[in-house]
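Structure first, commentary second.
The values are calculated or read from the model by the stated rules, or taken from the named source; none is laboratory data. Not measured: the values here are computed from a predicted model. Ideal geometry is used to build each Cβ from the backbone, glycine not excepted, and the neighbour counts take in all protein chains shown.
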Amino acid sequence: MKPSRFWPWFTLLLGASYFIIPLIATFEFSLRMRRGYYSFDAYLSVFSDPRFQATFGYSVVIGIFAIIVGVLIVVPAVYFVRLRLPWLRPFVEFLTLLPLIIPAIVLVYGYIRLYNSSSLIPFTGSALGTDVLLVFAYVTLALPYMYRAVDTGMRTIDVQTLTEAAQIMGANSATIIARVILPNVLVAVLSGAFLTFAIVIGEFTIASLLNRPAFGPYLQNIGANRAYEPAALAIISFIITWGAMGMINLLARFAPRTSARTD
Amino acid sequence: MDHRDKPGGDDRQGFWGTQVTMTDTTASPKARGKKRAISFEWLGVAPFIVFAIMFLILPTLYLIGAAFVDQQGNFTLDNIWGLGTPQIVAAYWISIRISAASAFIGALIGFAMALALIRGRLPGGVRSTVMTFSGVASNFAGVPLAFAFISTLGRLGLVTIILKTVFGFDIYKAGFNLLSFWGLTITYLYFQIPLMILIIAPAVDGLKKEWSEAAQTLGASPWQFWRYVGLPILWPSFLGTLSLLFANAFGAIATAYALTGSSLNIVPILLYAQIRGDALQNPGLGAALALGMIVITGFANVIYLVIASRAERWMK
């Protein structure tokens with residue numbers, strides 16, 4: 001008695017329609033700008049908007065800095081915790097889970113109160129300082145994913161042996177991390193980087209509350225003031241997210257398949 | 001914020017759950033008493049620790065503290081009592097209802113889809129397509145998601161218009177409103193369902209083929225298999241993910257804000273308005289609002305962690 005395939009297909013197609021219909025509807029809506037027939041006017045309008053270019057560029061730069069800072073913080077921490085300080089591991093994992101427990105809006109509220117212009121570290125006292133704070137905030141948001149990606153990557157290589165080999169050849173710890181470990185977990189690091197990018201690029205809450213000219217607040221502003229451009233922007237955002245996820249999937253094919261079993 | 005898992009993440013050890021215990025070879029024999037090396041390894045971990053203290057621990061503790069302090073800096077419980085005003089209670093209540101509804105419905109649908117996907121013997125390509133799409137959709141939250149649903153179910157949305165012109169059914173006359181409890185719940189499902197699929201899929205994978213074969217050999221019907229074997233095993237994972245989805249929806253703000261402006265009275269939007277200085281005008285009360293959010297999402301996550309650690313017994 002083989003159960004039929006009808007119900008699995010039915011469930012799946014029903015579910016899929018919920019996900020696909022809004023995409024079709026949004027695309028259709030984005031084409032309606034010119035009365036009477038479909039056109040890409042809304043997209044032209046978006047791309048020619050200098051604020052689109054400025055805010056998108058700003059968010060890309062902030063995102064890249066967030067990725068760099070994230071890698072600099074996470075890779076050495078994961079490496080040394082794996083190699084030398086395994087007893088720290090539960091503690092570190094707990095810390096990386098915190099951004100999932102504390103809502104982003106609460107974190108940024110804490111930043112604003114704690115790092116205001118009259119505090120010891122007045123991040124929000126200047127535009128540049130606020131930019132730096134925004135980068136750190138995004139590193140925090142992406143921390144669970146970056147940590148997870150790097151940790152998974154390091155599980156598949158033999159950190160111990162690689163380190164010993166490099167030490168025998170006279171390398172110090174900084175050299176080992178930069179020239180031995182990092183290249184070996186590069187695929188994992190890049191996955192974390194693309195995920196960070198996908199999270200950061202359209203982020204609204206933090207950028208808006210820190211008053212930075214980022215892409216997320218721009219999206220919100222367009223949504224409140226225009227009719228067809230928001231639909232075009234939604235399609236563009238979806239393609240960006242898809243691109244970032246596609247890169248991760250593509251990278252996964254290059255990830256080392258053999259596990260050296262360090263745990 | 002949204003919770004996302006890496007699509008195609010391969011290992012089943014709970015990222016969301018308890019960590020793997022480290023009883024392994026990495027405890028280095030080299031660690032014996034080299035002072036320079038010890039300071040160096042701490043130097044490597046220090047940036048992470050300092051970062052976490054500065055941008056996770058301190059801001060949170062500061063807010064928790066601020067919730068118990070009045071504007072002159074004295075200890076007070078007034079801010080906590082202040083949460084009892086009708087507007088704030090209503091905000092918490094609708095937030096909890098939206099989060100619970102979107103988590104529950106999302107979990108059920110996501111679970112059904114994961115079952116269909118993994119146990120329905122569908123062609124192999126379907127699975128990887130759905131998993132990839134889930135990765136994208138669970139990340140497709142925030143402002144653009146609101147735009148998509150305005151284009152779909154808003155007053156001029158495609159589905160609204162098709163229902164009206166083709167089927168003669170005006171959902172807005174029937175009482176539907178995108179800027180309402182159900183509107184927001186339906187919108188949140190767009191990232192809740194994929195998240196459920198991503199997290200529950202490894203658990204469904206963990207249901208070994210041998211178990212259903214053994215049940216079948218013993219004469220069990222498919223219903224009996226699910227009633228006595230399948231569901232009891234998946235139940236903890238299901239409940240755990242449910243609480244995770246709840247926390248996920250509870251902290252989300254961008255989608256709701258872009259959909260409704262500040263017209264819908266949910267807690268994150270209230271807090272947003274408070275931070276912007278539009279409402280309440282009392283920093284202590286703002287901190288108390290934040291504390292309430294931490295308590296609720298923290299509670300949901302603790303439930304998740306406890307249940308997930310139990311669920312992992314079957315995931316070997």
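Going by the conditions given, is A:ASN221 under 23 Å from B:ALA252 (Cβ atoms), surrounded by fewer than 24 Cβ atoms within 10 Å (Cβ to Cβ) and of a type in the set (S, T, N, Q)?
yes
Within the range A:22-52, which residues are within 11 Å of chain B (Cβ to nearest Cβ) and surrounded by fewer than 17 Cβ atoms within 10 Å (Cβ to Cβ)?
A:ILE24, A:GLU28
Restricting attention to the range A:143-153, does a residue exist that is outside any helix (DSSP H, G or I), under 23 Å from the mean Cα position of the chain (by Cα) and facing chain B (nearest Cβ under 9 Å)?
As a first pass, look at the range A:143-153 and keep what is outside any helix (DSSP H, G or I): none.
No: zero hits.
State the number of residues belonging to the range A:37-90 that are basic (Lys, Arg) and free of Cβ contacts under 8 Å to residues at least 12 places away in the same chain.
The number of residues fulfilling the criteria is 2.
Matching residues to (1) more than 12 Å from every other protein chain (Cβ to nearest Cβ); (2) crowded, with 19+ Cβ neighbours inside 10 Å; (3) over 15 Å from the mean Cα position of the chain (by Cα); (4) not in a helix (DSSP H, G or I):
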| position | (1), (2), (3), (4) |
| --- | --- |
| B:LEU198 | no, yes, no, no |
| B:ALA201 | yes, yes, yes, no |
| B:GLU210 | yes, no, yes, no |
| B:ALA214 | yes, no, yes, no |
| B:VAL229 | yes, no, yes, no |
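Does A:LEU100 meet the test of being within 18 Å of the chain's Cα centre (by Cα), of a type outside the set (S, T, N, Q) and modelled with pLDDT under 90?
yes
Return a yes/no flag: does the range A:172-193 have any residue that is out of contact with any strand residue (DSSP E or B) (no Cβ under 8 Å at 6 or more places or on another chain), within 30 Å of B:ILE269 (Cα to Cα), in contact (Cβ under 8 Å) with a residue 60 or more places away in the chain and facing chain B (nearest Cβ under 9 Å).
Yes, that holds for at least one residue.
Against the conditions (1) closer than 20 Å to B:ALA141 by Cα; (2) in contact (Cβ under 8 Å) with a residue 60 or more places away in the chain; (3) crowded, with 21+ Cβ neighbours inside 10 Å, where does B:TYR272 fall short? Just the number, please.
Exception for B:TYR272: condition (2).
Quick one: B:PHE111 ticks every box in (1) within 13 Å of chain A (Cβ to nearest Cβ); (2) in contact with a Phe, Trp or Tyr (Cβ under 8 Å, 6 or more places away or on another chain); (3) modelled with pLDDT under 90; (4) surrounded by fewer than 24 Cβ atoms within 10 Å (Cβ to Cβ) bar one, so which box is it?
For B:PHE111, the exception is condition (3).
Out of all the residues in the range A:110-121, which are under 15 Å from B:PHE51 (Cα atoms) and part of a helix (DSSP H, G or I)?
Within the range A:110-121, A:GLY110, A:TYR111, A:LEU114 qualify.
Among (1) farther than 16 Å from A:LEU209 by Cα; (2) in contact with a Pro (Cβ under 8 Å, 6 or more places away or on another chain); (3) among the hydrophobic types (A, V, I, L, M, F, W, C), where does B:TRP235 come up short?
Failing condition for B:TRP235: (2).
So which of A:LEU85, A:LEU100, A:LEU107 ends up being under 15 Å from B:ILE49 (Cα atoms), in contact with a helix residue (DSSP H, G or I) (Cβ under 7 Å, 6 or more places away or on another chain) and at the interface with chain B (Cβ under 7 Å from one of its Cβ atoms)?
So the residue among A:LEU85, A:LEU100, A:LEU107 that is under 15 Å from B:ILE49 (Cα atoms), in contact with a helix residue (DSSP H, G or I) (Cβ under 7 Å, 6 or more places away or on another chain) and at the interface with chain B (Cβ under 7 Å from one of its Cβ atoms) is A:LEU85.
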